[in-house]
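The values are calculated or read from the model by the stated rules, or taken from the named source; none is laboratory data. The structure displayed is predicted, hence computed values, not measured ones. Here the Cβ positions follow ideal geometry from the backbone for every residue, glycine too, while neighbour counts run over all protein chains shown. Just the protein is used for accessible areas: all its heavy atoms, side chains included, with ligands, DNA and RNA removed. Shrake-Rupley method; radii C 1.70, N 1.55, O 1.52, S 1.80 Å.
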Amino acid sequence: MYGLPRDPLSVESAVLMSNSRRWPLIVDPQTQANKWIRAMGKIEGLIVCKPNDRDLLRSFESALRFGKPILLENVGLELDPALDPVLKRQYFRQAGQLVLKLGDSLIPFTPGFRLYITTKLPNPKYTPETSVKVQIVNFALVPSGLAEQLLSIVVAQERPDLEELRGQLIVTRAQMAVQLAEMQSDILYGLSNSEGSPVDDLPLILTLEAIKIKSAEIIIKVEDIEKTSKEIDDARLGYVPVANRGQILFFCLSGMANVDPMYQYSLEWFVKLFIRSMAETEQNEDILERVEIIIEHFTFLLYQNVCRSLFERHKLLFAFLLCARIHLDKGIIRLAEFNFLLNGAKIEEELENPEPKWITERMWLDTQQLASLPTMKKFVIEFPEYAKFFRTYYEALNPQKLPFPKPLDTQLDAFQKLLVLKCFRPDKVINGFQEYVVVGLGARFVEPQPADLAALYAESDPLAPIIFVLSTGTDPAADLLKFADKMKMGKRFESISLGQGQGPIAESMMKAGCEFGSWVFFQVNDEN
């Protein structure tokens, strides 16, 4: 009801949070748990605070005194020692009331107090001293959870009637579950407080009769809800490929942070782009065609947007990753083959080099490693039969473009030919990647994506700044000023070069820009 993702890991994490004896510290890089806790605690008057707040202890004092939930968000690797009494639940009785010493004050403890702690760190390493004080819960996004969320977004955009009905059914089902639990409590309470034989207790019998009628009504409603839910789920199935492609692309993006720490993309930004791709595409009554249109458009739209933030040397890598992940999902590439491309393998059986005159020791070692893949074992065994062709292949200017002799040409697919290229001509693997992407996704995924200020402006919003990361000798200031004139913002364009003592001036310029709707351009000269 409050937006908890429906995948098993999220549900298990929520159970841990609700039933642990220690307060939960939630690893929440995509802020999913944060949003859920805020929605869940809104009615109860949730207090939200951060570790660097000046009145942090006062917020905790208020939550303890009035029995309210409190969310401490964006914590780092260390927790404030002043919070230890709360984390360790060091309550004691004084004058018949539970109290807790926080700082120098004794705070009365009121039932209803709950503490949630969240961190945006994707893989935090907490010390044992911290770990024993809290229950660490992993709320990081998983593919199944993201696919479910994206499916809801797709259906909400394409079939809002279905998603609205589904939301109502979820609420109704939850309310009925609460009613059934309350009726069970009433029955137990009546039986435990009944004097004499329950058969002679008229009020209890009347209560049981009323509960029986009510529960029968609820069971009938639940059956109707289950039937309607199945119909809705069947209708949603048509949009599953869109959600599946979305989760594949998002986790491709997440992996780019391992290439460079600067490459980090929020789920919120990704979802906005996802919704935009559906709004921009042509409507079609045929669901299969509509789904294919959305998938194609979103894949390229994401590539275009991400390329703006990538260094030139990483653009082909990203395009190849997209292509490979999509093919892995479709079963076109086998996981063992993909791992071989990245890491190689062990030699299971040493074979004699058939052509030591031109096959170097390194090349033959790599070729023997290929035999560890069941799909490539036959190729390695039969290699001497094709030795003449592979000498030509080895000496060719563009071996990645050479057609293989028959029947080898049909026995090996495009990715397996990449593995052969890696063994014999590793210097041409980059070119091979390029060819593979062109065939798999299209030529536009390897073409240069121009940095167009107009397109960048159209996709931006006032709540997120545009950041230019510059290489030596580049300066967008002149182009930005021309663009401001074109957009009739030349007279409302303010710029400043940040340096020592410029902070207050920059802040006042930013405040004025917010008030009067002007553009503010900060230039930072940082050689590091």
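What to note about this one:
- Residue match in region 174-185 (condition: open to solvent by 70 Å² or more (accessible area, probe 1.4 Å), modelled with pLDDT of 80 or more and under 30 Å from PRO29 (Cβ atoms)): no
- Residue satisfying all of: in region 277-310; farther than 16 Å from GLN157 by Cβ and among the aromatic types (Phe, Trp, Tyr); least open to solvent (accessible area, probe 1.4 Å) among these: TYR303
- Restricting attention to region 105-126, the residues that are open to solvent by less than 30 Å² (accessible area, probe 1.4 Å), among the hydrophobic types (A, V, I, L, M, F, W, C) and more than 31 Å from the chain's Cα centre (by Cα) add up to 1.
- Residue in region 223-241 that is in contact (Cβ under 8 Å) with a residue 40 or more places away in the chain, under 29 Å from LEU151 (Cβ atoms), open to solvent by 80 Å² or more (accessible area, probe 1.4 Å) and of a type in the set (D, E, K, R) present: no
- Residue count for region 138-196 satisfying the condition of being touching a residue at least 24 places away in the same chain (Cβ under 8 Å) and either of a type in the set (Gly, Ala, Ser) or in a helix (DSSP H, G or I) (or both): 30.
- Here TYR91 clears all of (1) under 21 Å from SER20 (Cα atoms); (2) under 26 Å from the mean Cα position of the chain (by Cα) except the condition numbered (2).
- Residue count for region 430-456 satisfying the condition of being in a helix (DSSP H, G or I) and either among the acidic types (Asp, Glu) or under 25 Å from the mean Cα position of the chain (by Cα) (or both): 5.
- Screening LYS272 against (1) open to solvent by 60 Å² or more (accessible area, probe 1.4 Å); (2) part of a helix (DSSP H, G or I); (3) touching a residue at least 24 places away in the same chain (Cβ under 8 Å) leaves a single unmet condition, (3).
- Only a single item in (1) exposed (fewer than 12 other Cβ atoms within 10 Å of the Cβ); (2) farther than 20 Å from LEU341 by Cα is not met by PRO384, and it is number (1).
- For region 366-394, residues that are under 21 Å from ASN431 (Cβ atoms) and free of Cβ contacts under 8 Å to residues at least 24 places away in the same chain total 2.
- Of all residues making up region 371-402, the number that are of a type in the set (A, V, I, L, M) and within 14 Å of GLY432 (Cβ to Cβ): 3
- Residues of region 303-350 classified as over 27 Å from LEU453 (Cα atoms), in a loop (DSSP other than H, G, I, E, B) and either in contact with a Phe, Trp or Tyr (Cβ under 8 Å, 6 or more places away or on another chain) or of a type in the set (Phe, Trp, Tyr) (or both), total: 2
- Contact map, region 50-66: first residue over 18 Å from GLY76 (Cα atoms) and free of Cβ contacts under 8 Å to residues at least 40 places away in the same chain, second residue outside any helix (DSSP H, G or I) and β-branched (Val, Ile, Thr), Cβ cut-off under 8 Å, separation 6 or more or different chains; pairs are SER59/ILE47; SER59/ILE70; SER62/ILE47.
- Number of residues in region 195-206 that are among the β-branched types (Val, Ile, Thr) and modelled with pLDDT under 80 equals 1.
- Positions within region 36-76 being of a type in the set (Phe, Trp, Tyr) and either under 23 Å from SER13 (Cβ atoms) or surrounded by fewer than 16 Cβ atoms within 10 Å (Cβ to Cβ) (or both), in sequence order: TRP36, PHE66
- Some residue of region 409-417 being modelled with pLDDT of 90 or more, part of a helix (DSSP H, G or I), buried (at least 16 other Cβ atoms within 10 Å of the Cβ) and aliphatic (A, V, I, L, M): no
- Residue within region 490-497 that is more than 30 Å from LEU402 (Cα to Cα) and open to solvent by 90 Å² or more (accessible area, probe 1.4 Å) present: yes
- Checking region 341-357 against the condition returns a match, with at least one residue being polar (S, T, N, Q), under 24 Å from LEU317 (Cα atoms) and surrounded by fewer than 16 Cβ atoms within 10 Å (Cβ to Cβ).
- Of all residues in region 499-528, those being open to solvent by less than 60 Å² (accessible area, probe 1.4 Å), in contact (Cβ under 8 Å) with a residue 24 or more places away in the chain and within 21 Å of LEU463 (Cβ to Cβ) number 5.
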